[in-house]
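Worksheet for the structure shown next.
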């Protein structure tokens, strides 16, 4: 890349790719929280029965663990940061332009990572469409859990950004074979 572009351009691509990759993913998650949050907040104005309170507690607890901790903190967040660091070290103009999808593993990833990323996204879309069919308070109960998980995901990405290089077993960048991880 140094042969094609002056070092100042490569240095700028490094910084832009890293910031746009992580920032774009964070913006996507924040947008989801802002869209789902009002549905969950509608629960405040409702008379909930005991079954609703139990379901709300289970939804928030389960999504905090399954989505927030297992999904985001142990897998997605360290991978996003690792891929952003890889992009910083190996910037390519197209990857920098598409940095958020690069960091989420949709492009320039191992076949397994691409398959998992697209399969998970497809599953999330189906679940979103199904949850939209639920009446209140059930939709708000589910959305409260999802907002909890997403908020923990945002905090996890920020954690790995601030803590430096995530642990190797957590943070494989899943780039195609023959390319150095770090």
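The values are calculated or read from the model by the stated rules, or taken from the named source; none is laboratory data. Not measured: the values here are computed from a predicted model. Cβ sites come from the backbone with ideal geometry, for glycine too, and all protein chains shown count toward neighbours.
Data for the structure
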quantity: Residue satisfying condition, being surrounded by 21 or more Cβ atoms within 10 Å (Cβ to Cβ) and either touching a helix residue (DSSP H, G or I) at 6+ places or on another chain (Cβ under 8 Å) or at positive phi (or both), within set 17, 71, 37; calculated: 17
quantity: The one condition in (1) free of Cβ contacts under 8 Å to residues at least 24 places away in the same chain; (2) in a helix (DSSP H, G or I); (3) out of contact with any helix residue (DSSP H, G or I) (no Cβ under 9 Å at 6 or more places or on another chain) that residue 155 fails to fulfil; calculated: (3)
quantity: Residue count for the stretch 42-57, restricted to those that are part of a helix (DSSP H, G or I) and either touching a strand residue (DSSP E or B) at 6+ places or on another chain (Cβ under 9 Å) or in contact (Cβ under 8 Å) with a residue 24 or more places away in the chain (or both); calculated: 5
quantity: Residues of the stretch 84-100 satisfying the condition of being more than 10 Å from the chain's Cα centre (by Cα) and either surrounded by fewer than 22 Cβ atoms within 10 Å (Cβ to Cβ) or under 19 Å from residue 30 (Cβ atoms) (or both); calculated: 84, 88, 89, 90, 92, 93, 94, 95, 96, 97, 98, 99
quantity: Among the residues listed as 12, 32, the single one being surrounded by 12 or more Cβ atoms within 10 Å (Cβ to Cβ), within 18 Å of residue 59 (Cα to Cα) and either at pLDDT below 90 or touching a helix residue (DSSP H, G or I) at 6+ places or on another chain (Cβ under 6 Å) (or both); calculated: 32
quantity: Residue match in the stretch 108-128 (condition: touching a helix residue (DSSP H, G or I) at 6+ places or on another chain (Cβ under 8 Å) and not in a helix (DSSP H, G or I)); calculated: yes
quantity: Test set (1) part of a helix (DSSP H, G or I); (2) surrounded by 15 or more Cβ atoms within 10 Å (Cβ to Cβ); (3) in contact with a helix residue (DSSP H, G or I) (Cβ under 7 Å, 6 or more places away or on another chain) - residue 62 fails condition number; calculated: (2)
quantity: Residue 72 touching a residue at least 40 places away in the same chain (Cβ under 8 Å), assigned to a helix (DSSP H, G or I) and over 16 Å from residue 153 (Cβ atoms); calculated: no
